[in-house]
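Below: one structure, written as structure tokens.
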Number of protein chains: 2
Amino acid sequence: MAGVRSEDKTPTDDNGARVELLRLRNSIDNLDAALVHVLAERFKCTQQVGLLKAEQAMPPADPAREAVQIERLRRLAVEARLDPEFAEKFLNFVISEVLRHHEAIAGT
Amino acid sequence: MAGVRSEDKTPTDDNGARVELLRLRNSIDNLDAALVHVLAERFKCTQQVGLLKAEQAMPPADPAREAVQIERLRRLAVEARLDPEFAEKFLNFVISEVLRHHEAIAGT
């Protein structure tokens, strides 16, 4: 209500901020949808890798390959101005999920 | 070498499997590059959200918004044939990183 403001902001500021927040959240939702779909495609690939490794009796984990992946992703992150530490944590998070799947495939 | 095989596989099988593994890993590397770039864009958005929230003295976390995001992402995951549990864990992983950033912005 007019005149009932406890802080040093105008109602227009507040409204502008709300509109801006909505705009940003809309972009975040679009990007999250993209992430889910790319992750779904990535798991389709790793699922096939898991089957192949089980058929060939190869171990589920491949530390040499993971080291190369992490190094590459850190480099890409720097180029994209994403925190390389976060990129590494993210890849480890995804790989640990993939290994769970591979171990499940190999165990059946 | 020919004749030096300890397992019940032909060299052709092994070679075919290697080629297939390489093909899949190439796709995984492409998808990882996509993920890093989408994540970089997402953090650009959440960085702006963090600044806006700090300016407006809004709390860094928004549990109501997060609940809606998780529900939506689980639904999208099911459509994309991605494990919805993983999608939720993934979003929580990203959000926890975002909150660290927001708290850092608000604290400065």
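For the B and A pair, go ahead and give the buried accessible area with a 1.4 Å probe, both sides summed, in Å² to 100.
Summing both sides, the interface buries roughly 5100 Å².
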Per residue of the stretch B:45-52, what does 6.51 cos²θ - 1.76 cosθ + 1.60 with θ = phi - 60° give for ³J(HN,Hα)? Whole Hz please, x for Gly and Pro, Karplus curve as stated. 5, 5, 4, 5, 4, x, 5, 4
Which value in nm describes the separation of the simple spin-label points at B:A64 and A:E103, placed 7 Å from the Cα toward the beta carbon? 4.1 nm
Computed from every Cα-Cα pair in the protein assembly as shown, P(r) in 5 Å bins starting at 0 and rounded to whole percents is 1, 6, 12, 16, 16, 13, 10, 7, 6, 4, 3, 2, 2, 1, 0, 0, 0, 0, 0
Within a Gaussian network of chain A (alpha carbon springs, distance under 10 Å), most fluctuating of A:L39, A:L31, A:L91: A:L31
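Given a 1.4 Å probe, how much area per residue of the protein assembly as shown is accessible, in Å²? All intermediate terms of the calculation are to be shown ahead of the outcome.
Numbers: 12690 Å² over 216 residues.
Value for the protein assembly as shown: 59 Å² per residue.
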Sorted largest first, the C-alpha extents of chain B along its principal axes in whole angstrom are 74, 29, 20
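Just checking the output field for B:68-77: average partner chain Cβ neighbours within 10 Å of each residue's Cβ? Don't jump to the answer; show the numbers that get you there.
Details: counts 2, 4, 0, 0, 4, 5, 1, 1, 7, 4.
For peptide B:68-77, the averaged partner shielding equals 3.
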What list of ³J(HN,Hα) couplings, whole Hz, do you get for the stretch A:68-73 from phi and the Karplus terms 6.51, -1.76, 1.60, once you set θ to phi - 60° and write x for glycine and proline? 5, 4, 5, 4, 5, 5
Pairwise Lys count, the protein assembly as shown - Cα closer than 22 Å, eight or more residues apart or different chains: 9
Between B:V78, B:V49, B:V19, where does the largest GNM mean-square fluctuation fall for chain B, given springs only between Cα atoms within less than 10 Å? B:V19
Residue by residue through the stretch B:28-37, what is 3J(HN,Hα) from phi via Karplus (6.51 cos²θ - 1.76 cosθ + 1.60, θ = phi - 60°)? Round to whole Hz and write x for glycine and proline. 4, 5, 4, 5, 5, 5, 4, 4, 4, 6
Take B:D13 and A:L51, extend 7 Å from each Cα along the Cα→Cβ direction, and tell me the distance between the two endpoints in nm. 1.6 nm
Across peptide A:40-52, how many C-beta atoms of other chains are within 10 Å of each residue C-beta, on average? 6
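The values are calculated or read from the model by the stated rules, or taken from the named source; none is laboratory data. Keep in mind that this is a model prediction, so the values were computed, not measured. Note: ideal-geometry Cβ built from the backbone for every residue, glycine included; neighbour counts use all protein chains shown. Surface areas here come from the heavy atoms of the whole protein model, side chains and all, with no ligands, DNA or RNA. Shrake-Rupley method; radii C 1.70, N 1.55, O 1.52, S 1.80 Å.
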